[in-house]
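In what follows, a structure is listed as structure tokens, so that the remarks can point back to it.
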Amino acid sequence: MDARSQELLEFPVIRERLVAATSFPPSRRLAERLEPSSEPIIVARWLDETDQARSLLEDRPGVGIGAAHDIEPAIERAIRGGRLDPAAFLEIADTLDATVRLAAALADDRRPLLRGLTQELHALPALRSSLARSFDPVGEVLDTASPRLGGIRAAVRVAYDRLRRRLDALVGAELGTALQEPIVTLRNGRYVVPVKAEARQRVKGIVHDASGSGQTLFVEPLVIVELGNAWREAQVAEEEEVGRILDELSALVAANSTALHETLQALARFDLWAAKASLAAEMDGTRAETAVRTDVVLLSARHPGLTGTVVPIDVRVGDEYTALVVTGPNTGGKTVTLRTLGLLSLMHQAGLHVPAAPGTRLPIWRDVFADIGDEQSVAQSLSTFSGHLQRITRIVAAAGPGTLVLLDELGAGTDPTEGSALAQALLDYFIQAGAVIAATTHYAELKAYAHTTPAARNAAVAFDLDTLTPTYQLSIGLPGGSQAFAIAERLGLPPAIVEDARSRLTEAQRSFEATLAAIKATEGEAGETLDRARAAEIRAADALRSAEEDRRRARRERDEAVRQARAEADQIVQDLRGEVTQLRRSLERETITAGSLDAALEHAQAIAERLPAPEAAATPSAVVAHEWHLGERARSQRGGWEGRIAGLDRDGRRATLEAGGMRVTVDLDDLIPAPASAAAEGSTRTAAPGATTSAATDSVRPMRARTVASSLDLRGARVNEALEALDRYLDDASLAEIRSATIIHGMGTGALRDAVRSSAAAHPLVKAVRPGERGEGGDGATIVTF
């Protein structure tokens, strides 16, 4: 993408902030090479990386690459056959330890990109264990580095001890008067004693050095030369063994170079993802939705380079209109609007979150072009206008569909009449070329152009005339005024001069400004009304959610009550079966007496009385004989509808039943009194004296079976009403011991079908739910098994 435009839009500044957030050189190099991409697949992958890394760090802030190092130079040296020093091995060991910790943290992660990264993190246990037994934390080679090294070092210590003991004996007694001082020192890797020059003949040995004055000679006595040689030979053997160990470990690193390279790159990528996540959190950014078309929606967008209190802006362009002309006073935020639009587009295509509110939408631009700032150059003999025009010429040659063009002070720097005409021609060209363009200007002609051109819109940055300060708020739809006269007045320019300037405006110009001010006032009132309407809509939505939650809670409580009642009834039935079994056994043994039989029956009667009294049900004869009246509550046996009778046909055969907000026409023969009505009548139809409770209970099921249909027709009902009728029908059908039922809902849009199947599947009395087969209604019906 255009490099000069990236500089003008300050994308390198964002990249530097990303570089600063990385933890070690490999990821730093990746960040330094980051460029916006115009490939949608690549951009989507980069954004997924940022999303998943940010989510991980929010859940587990401590996850990272730890003490990993840039081991690339060490790997390359080992590949070339070079010997690595202990410091390089320590860095490799630290990097492998960090790899193990990161791989363990990501192994079971639910985020696919992070979990997949573990496939490239190689722990290399053989190399790790070799390094762990070869070096201590400061890089010293351990005795355990090889089987021979410990023995060689033991020999070095023995040789040294013998040498020191013999030297101490010489210094202490044998050579006492011949020495300048009774000490032992080192010269050229050999132990020597300081002998007085005049006593040289008294000490047989090899002179290794002399003092500056010549008064002291540093002599290795002959009696310790062999001991010194033995010590030195042991040291050489140790050095050779250490060198052999380092060579062997270097070869091991070279053998694992491919895995080490892959691990290092995986660590670098993870650290880059973490840096992008850190930058997103720092800017309070969000992932912008990727628009399929060139449709830009920025919500509460903030320029990431601004500090202090930043006023967010909303920008929309590219859908109904492809050109946005931004006007308003100087320092009002026009240029910042362009920079924000351009920079957030580049950040989005670099896989970064943008400082904007959720719902922000940005397309994948083929390229982004900007002409912002002063391009004048004395060295190149370019004026301000020439510099701008030279830049715009290059943009004209490259602009087209899928490109974003940002032009600051379009047409400025030359004669206003010619400049505004040239600006209009450029806007027309970019619109026809299919580019999306945003431009700033002070020209009234461009305001009129944006107002009359269907593919263009005006936008304005607001200015507070009382404080002479910009508010930085952007409003789309109306042009903004430059406010030159008001600013001049407030800054102390003599009123006479300001009035003279105003008088020089044409009548058309004065009328345009007055009309603009009136429109802005009206728009402000409409905006307040719209805000109140939105607040009311939010309150209504909250109330609806609360009501829905109450409904779900009531249903859960009902289901729990049904479950408890079923469990209690099952226990009572189990107790009765136990009593009956015991009585049967007693009768078989002929050991029961009349008294004990009466007692057992009374006990069984007491258990049966614990069952809840059954709901009174109307007999078929009562249903036929019933005389219906308007307003009376009734229930359809076949359809399951329950509600108030809102109308009766003159022939007395059909009735209109009102259930909730829906009216259903049913046959009078199909109606039975609703439970609320039947209860009142049932008081006159009590059980015969002496009838037991269990007998009444046994009569409930066949009565239910006679009154509950094997199908329920919900066609034409709203979803909420249909679900209420379905719940009642499932309860009654189960109590009537119907094995399966057909719920008829029709095809339609599928909303009622999906709601019915979901509700039926969640019902505690339902065993299985399936679509109807051919001959059962197909997908327009649902078969429920209890």
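Pick out the one residue from Ala323, Ala356 that is among the small types (Gly, Ala, Ser) and under 27 Å from Arg111 (Cβ atoms). Talk me through it step by step, then tell me what you get.
Working: Ala323 fails: under 27 Å from Arg111 (Cβ atoms).
Going through Ala323, Ala356 in turn, just one is among the small types (Gly, Ala, Ser) and under 27 Å from Arg111 (Cβ atoms): Ala356.
State all residues of the stretch 451-492 that are out of contact with any helix residue (DSSP H, G or I) (no Cβ under 8 Å at 6 or more places or on another chain) and either at pLDDT 80 or above or assigned to a loop (DSSP other than H, G, I, E, B) (or both); if no residue qualifies, say none.
Residues satisfying the conditions are His451, Thr452, Pro454, Ala460, Asp466, Thr467, Ile476, Gly480, Ser482, Gln483, Leu491, Gly492.
Could you pull out every one of the strands (runs of 3 or more DSSP E) wholly within the stretch 167-213 that has 1 or more residues that are touching a strand residue (DSSP E or B) at 6+ places or on another chain (Cβ under 9 Å) and either among the small types (Gly, Ala, Ser) or more than 16 Å from Ile224 (Cβ to Cβ) (or both)?
Values: elements: 185-187, 190-196, 205-210.
The qualifying strands (runs of 3 or more DSSP E) are 190-196, 205-210.
Checking Leu84 against (1) under 29 Å from the mean Cα position of the chain (by Cα); (2) crowded, with 19+ Cβ neighbours inside 10 Å: exactly one of these is not met. Which one?
So Leu84 meets the others, but not (1).
Of the conditions (1) part of a helix (DSSP H, G or I); (2) among the β-branched types (Val, Ile, Thr); (3) over 60 Å from the mean Cα position of the chain (by Cα), Val219 satisfies every one except a single condition; which number is it?
It is condition (1) that Val219 fails.
Just name the residue that is modelled with the lowest pLDDT out of those in the stretch 730-786 that are among the polar types (S, T, N, Q) and within 16 Å of Ser710 (Cβ to Cβ).
At the first step, the residues of the stretch 730-786 found to be among the polar types (S, T, N, Q) are 734, 740, 742, 749, 758-759, 782, 785.
Subset that is within 16 Å of Ser710 (Cβ to Cβ): 734, 740, 742, 782, 785.
Values: Ser734: 81, Ser740: 90, Thr742: 91, Thr782: 93, Thr785: 93.
Here the answer is Ser734.
Checking Leu217 against (1) in contact (Cβ under 8 Å) with a residue 24 or more places away in the chain; (2) of a type outside the set (Phe, Trp, Tyr); (3) crowded, with 17+ Cβ neighbours inside 10 Å; (4) in contact with a helix residue (DSSP H, G or I) (Cβ under 8 Å, 6 or more places away or on another chain): exactly one of these is not met. Which one?
Leu217 satisfies all of (1) in contact (Cβ under 8 Å) with a residue 24 or more places away in the chain; (2) of a type outside the set (Phe, Trp, Tyr); (3) crowded, with 17+ Cβ neighbours inside 10 Å; (4) in contact with a helix residue (DSSP H, G or I) (Cβ under 8 Å, 6 or more places away or on another chain) except (1).
Residue-wise test of (1) more than 18 Å from Thr258 (Cβ to Cβ); (2) not in a loop (DSSP other than H, G, I, E, B).
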| site | (1), (2) |
| --- | --- |
| Ser38 | yes, no |
| Ile42 | yes, yes |
| Thr50 | yes, yes |
| Ser55 | yes, yes |
| Ile75 | no, yes |
| Asp94 | yes, yes |
| Asp97 | yes, yes |
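Before we move on, is Gly400 modelled with pLDDT of 85 or more and outside any helix (DSSP H, G or I)?
On the way: modelled with pLDDT of 85 or more: yes; outside any helix (DSSP H, G or I): yes.
Answer is yes for this residue.
Being without any contact (Cβ under 8 Å) to a residue 40 or more places away in the chain, more than 19 Å from Pro86 (Cα to Cα) and open to solvent by 20 Å² or more (accessible area, probe 1.4 Å) narrows it down to one residue among Ala155, Ala178, Ala173; which is it? Break it down into steps so the answer makes sense when it comes.
Details: Ala155 fails: without any contact (Cβ under 8 Å) to a residue 40 or more places away in the chain; Ala178 fails: open to solvent by 20 Å² or more (accessible area, probe 1.4 Å).
Every option except Ala173 fails the conditions.
Got at least one residue in the stretch 361-368 being open to solvent by 10 Å² or more (accessible area, probe 1.4 Å) and within 18 Å of Lys447 (Cβ to Cβ)? Talk me through it step by step, then tell me what you get.
Residues of the stretch 361-368 open to solvent by 10 Å² or more (accessible area, probe 1.4 Å): 361, 364, 366-367.
In the following step, the residues that additionally are within 18 Å of Lys447 (Cβ to Cβ) were identified as none.
No, every residue in the stretch 361-368 fails to be open to solvent by 10 Å² or more (accessible area, probe 1.4 Å) and within 18 Å of Lys447 (Cβ to Cβ).
With the condition kept exactly as written, say whether any residue in the stretch 138-148 is of a type in the set (Lys, Arg), open to solvent by 70 Å² or more (accessible area, probe 1.4 Å), out of contact with any strand residue (DSSP E or B) (no Cβ under 8 Å at 6 or more places or on another chain) and part of a helix (DSSP H, G or I). Even if it seems obvious, please write down each step before you answer.
Pass one, the stretch 138-148, residues of a type in the set (Lys, Arg): 148.
Then keep just the ones that are open to solvent by 70 Å² or more (accessible area, probe 1.4 Å); that gives 148.
Filter once more, so that each one left must be out of contact with any strand residue (DSSP E or B) (no Cβ under 8 Å at 6 or more places or on another chain): 148.
Narrowing the set further to residues that are part of a helix (DSSP H, G or I) leaves none.
No, that holds for no residue.
When residues of the stretch 106-136 are filtered for being in a helix (DSSP H, G or I), open to solvent by 20 Å² or more (accessible area, probe 1.4 Å) and either on the phi > 0 side of the Ramachandran plot or not acidic (Asp, Glu) (or both), how many remain? Give the derivation first.
Residues of the stretch 106-136 in a helix (DSSP H, G or I): 106, 112-120, 125-134.
So of that shortlist, the ones also open to solvent by 20 Å² or more (accessible area, probe 1.4 Å) come out as 112-113, 115-116, 118-120, 125-126, 128-129, 132-133.
Now narrow it down to the ones that are either on the phi > 0 side of the Ramachandran plot or not acidic (Asp, Glu) (or both): 112-113, 115-116, 118-119, 125-126, 128-129, 132-133.
Residues that pass the stated criteria total 12.
What do you reckon, is Asp94 open to solvent by less than 50 Å² (accessible area, probe 1.4 Å), over 29 Å from the mean Cα position of the chain (by Cα) and of a type in the set (Asp, Glu)? Steps first, please.
Numbers: open to solvent by less than 50 Å² (accessible area, probe 1.4 Å): no; over 29 Å from the mean Cα position of the chain (by Cα): yes; of a type in the set (Asp, Glu): yes.
No.
Output the residues belonging to the stretch 301-344 that are in a helix (DSSP H, G or I) and touching a residue at least 60 places away in the same chain (Cβ under 8 Å). Working first, answer last.
Taking the stretch 301-344 as the starting set, the residues that turn out to be in a helix (DSSP H, G or I) are 334-344.
Matches in the stretch 301-344: Lys334, Thr335, Val336, Thr337, Leu338, Arg339, Leu341, Gly342, Leu343.
State which residue pairs qualify: first residue touching a residue at least 40 places away in the same chain (Cβ under 8 Å) and inside the stretch 436-450, second residue of a type in the set (Asp, Glu) in any location, beta carbons under 7 Å apart, and separation of 6 or more residues or different chains.
These pairs meet every condition: Thr440/Asp408; Thr440/Glu409; Thr441/Glu409.
I'd like to verify a number: residues in the stretch 370-394 that are over 17 Å from Leu9 (Cβ atoms) and modelled with pLDDT under 65, how many?
Going through the stretch 370-394 one residue at a time, the tally reaches 8.
State which residue pairs qualify: first residue among the aliphatic types (A, V, I, L, M) and inside the stretch 719-742, second residue outside any helix (DSSP H, G or I) and crowded, with 19+ Cβ neighbours inside 10 Å in any location, beta carbons under 6 Å apart, and separation of 6 or more residues or different chains.
Filtered contacts from the stretch 719-742: Ala722/Leu714; Ala725/Gly640; Leu730/His763; Ala733/Val708; Ala733/Ala741; Ala736/Val708; Ala741/Val784.
Say whether the condition of being modelled with pLDDT under 95, open to solvent by 10 Å² or more (accessible area, probe 1.4 Å) and assigned to a loop (DSSP other than H, G, I, E, B) is met by at least one residue in the stretch 270-284.
yes
Of all residues in the stretch 544-595, how many are in a helix (DSSP H, G or I), among the aliphatic types (A, V, I, L, M), open to solvent by less than 80 Å² (accessible area, probe 1.4 Å) and at pLDDT below 80? Let's see the steps before the verdict.
Of all residues in the stretch 544-595, those in a helix (DSSP H, G or I) come to 544-589, 594-595.
This time we only want the ones that are among the aliphatic types (A, V, I, L, M), so: 544, 547, 554, 561-562, 565, 567, 569, 572-573, 576, 580, 583, 587, 594.
Filter again for open to solvent by less than 80 Å² (accessible area, probe 1.4 Å), leaving 547, 554, 561-562, 565, 567, 569, 572-573, 576, 580, 583, 594.
Right, trim to at pLDDT below 80 and you get 573, 576, 580, 583, 594.
So the count comes out to 5.
The values are calculated or read from the model by the stated rules, or taken from the named source; none is laboratory data. Everything numeric in this text was worked out from a predicted model, so none of it was measured. So basically every Cβ, Gly included, is an ideal-geometry build from the backbone, and we count neighbours across all protein chains shown. What goes into the accessible areas is simple: the full protein's heavy atoms, side chains included, and nothing from ligands, DNA or RNA. Shrake-Rupley method; radii C 1.70, N 1.55, O 1.52, S 1.80 Å.
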